[in-house]
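Just below is one structure, and these are the notes that go with it.
Every number in this text was worked out from the coordinates using simple rules, so none of it is lab data. Computed from a predicted model, the values in this text were never measured in an experiment. Every residue, glycine among them, receives a Cβ derived from its backbone with ideal geometry; neighbour counts consider all protein chains shown.
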Amino acid sequence: MYVVLLTYTAPPPEIDYALPDHAEWLTRQYEHGRLIASGRRADHRGEVLLTRSMSVGKLEATLAGDPLLLRHLAHHEVIEFSATRTGPELRAVNEALAH
């Protein structure tokens, strides 16, 4: 599982212009079952994505299609972790229970 931190690197008007395309990209990732949660950071400096477990290569290929990254409007940091404890609503993604 991964936490992806997106940090905007462009002025807000450029980000706002690209957000509809980014929202479509997010929708496709949910449809493919790659994302668990996403949203704008409280400080409005970027976004947080929570992904399902996948290979690093698949994650990087997925992120490469994000319009914010394609247009160089944001950069990302990937944090990999294994979910060993979850609330009941996330039990299906708890990697410790999958084994």
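Along the positive direction of the dipole of the chain (beta-carbon charges: Lys, Arg +1; Asp, Glu -1; about the Cα centre), which of Leu6, His75, Leu59 reaches farthest?
It is Leu59, whose Cα lies furthest towards the positive end.
If you build a Gaussian network model of the chain, linking Cα atoms that sit under 10 Å apart, which residue out of Glu47, Glu89, Glu60 swings the most?
Result: Glu89 has the largest fluctuation of those listed.
Could you work out the helix-only [θ] at 222 nm for the chain, with each DSSP H run of four or more residues adding -39,500 (n - 2.57) and the total divided by the number of residues, to the nearest 500 deg cm²/dmol? Kindly include the intermediate steps, with their values, before the conclusion.
Details: 3 runs with 33 residues, N = 99.
Estimated from H runs of four or more residues: -10000 deg cm²/dmol.
Report, for the chain, the % of DSSP beta bridges that are antiparallel, rounded to 5.
Numbers: 18 of 18 bridges.
Percentage antiparallel, nearest 5: 100.
Can you tell me, using C-alpha contacts under 8 Å and at least 6 residues apart, the relative contact order of segment 2-93 as a whole percent?
Working: 106 pairs, mean separation 41.4, N = 92.
Relative contact order here is 45 percent.
Among [x] 69; [y] 26; [z] 23, find the value of percent of Cα pairs over 23 Å apart that was calculated from the structure presented, and write down its label.
Recomputing percent of Cα pairs over 23 Å apart here gives the entry labelled [y].
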